[in-house]
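Since the structure comes first, as structure tokens, the remarks are kept for the end.
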Amino acid sequence: MDRPLLNITMNIMNNKIVILTLIAAVIVSLWGSREVCAKSPMDFQVAPLASKISIYKGLAEIKNRLEESPDNIDLINQWAFIADYYGFWEETIKARTRLIEKGAGDFIVYVNLGREYMGLGEFDDAEKYLYQSLKIRPDNVFALYNLGLLYRYKGDFEQSLKFLKKASGIYPEWPEIYYELANTYLMTKQYDAAIENYTTSLELGLHDAALFENLGISYLGKKEKLKALESFEKALQTKSSDENLQKLFIAVKRSLPPDALSGAQDTSPE
């Protein structure tokens with residue numbers, strides 16, 4: 001992925017908390033090869049599958065059972081969760097639509113339809129389903145969070161901040177909310193607010209290269225080059241092959257006087 005500042009992509013499918021919490025019980029019951037622990041907003045976090053073979057066997061099993069019992073709500077739910085997880089957008093949208101038609105559309109079904117339509121770039125449909133989810137459950141942090149993302153993708157940064165702040169008020173321990181708040185602040189050049197929220201996200205346990213890279217860009221916006229360099233260095237620890245990040249690191253390093261570099265180590269080739 002190129003510059004996170006210029007191309008903050010839709011990381012909906014990377015939002016493991018939302019996706020994995022919803023499929024945890026299904027996967028565990030099918031394969032028994034995942035370990036579940038109570039850490040996520042819905043008290044489930046799922047460890048990786050043991051093998052791809054068991055994945056496809058499980059998918060085929062549910063698909064066959066669903067063909068035999070097309071009106072079985074539990075099977076439709078299982079297929080929707082798993083199709084979502086593996087990116088079969090059209091299949092999962094069809095399944096969730098069937099759930100709604102059968103009167104089984106709870107607030108999570110509408111949230112996931114909103115996410116999936118966002119993933120397809122169909123923002124009007126995404127907005128409709130996310131608001132429907134909020135009608136069912138107004139304190140629904142997942143709908144608020146995804147509306148925050150949706151409005152940023154649409155360029156409405158004021159609305160993006162509004163919904164992400166509401167989400168943080170409901171679930172203040174969720175680090176991804178602060179990460180996305182920071183991204184919106186960064187895109188509007190509110191660097192102090194961006195740094196504050198990236199820092200909060202770090203304190204809550206989110207440590208990945210994109211966060212450190214965007215934090216570094218925020219520091220560059222404030223012309224704090226040494227802090228930017230330190231953040232880029234941390235990003236390079238897990239993104240050492242990212243040529244754009246390497247070039248940025250080197251450019252910032254070369255712009256600093258030699259006596260400012262005693263604490264920064266170059267982890268990228270020059």
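The values are calculated or read from the model by the stated rules, or taken from the named source; none is laboratory data. All values reported here derive from a predicted model rather than from experimental measurement. All Cβ positions, glycine included, derive from the backbone under ideal geometry; neighbour counts span all protein chains shown.
Among (1) in contact (Cβ under 8 Å) with a residue 12 or more places away in the chain; (2) out of contact with any Pro (no Cβ under 7 Å at 6 or more places or on another chain), there is one condition residue 156 misses while meeting the rest; what is its number?
With respect to (1) in contact (Cβ under 8 Å) with a residue 12 or more places away in the chain; (2) out of contact with any Pro (no Cβ under 7 Å at 6 or more places or on another chain), residue 156 is out only on (1).
If you go through region 135-167, how many residues are surrounded by fewer than 23 Cβ atoms within 10 Å (Cβ to Cβ), in a helix (DSSP H, G or I) and of a type in the set (Gly, Ala, Ser)?
0
Collect the residues in region 194-221 that are more than 16 Å from residue 236 (Cα to Cα), surrounded by fewer than 19 Cβ atoms within 10 Å (Cβ to Cβ), within 17 Å of the chain's Cα centre (by Cα) and not aliphatic (A, V, I, L, M), keeping them in residue-number order.
Residues satisfying the conditions are 200, 205.
With the requirement that a residue be at pLDDT 80 or above and crowded, with 18+ Cβ neighbours inside 10 Å, what does region 45-78 give you?
Within region 45-78, 75, 76, 77, 78 qualify.
Could you grab me the full set of residues in region 109-132 that are surrounded by fewer than 21 Cβ atoms within 10 Å (Cβ to Cβ), assigned to a helix (DSSP H, G or I) and of a type outside the set (Gly, Ala, Ser)? Show your work before the answer.
From region 109-132, those surrounded by fewer than 21 Cβ atoms within 10 Å (Cβ to Cβ) are 119-125, 127-128, 131-132; that's our starting set.
Checking the rest, the ones that are also assigned to a helix (DSSP H, G or I) come to 119, 123-125, 127-128, 131-132.
Selection gives 123, 124, 125, 127, 128, 131, 132.
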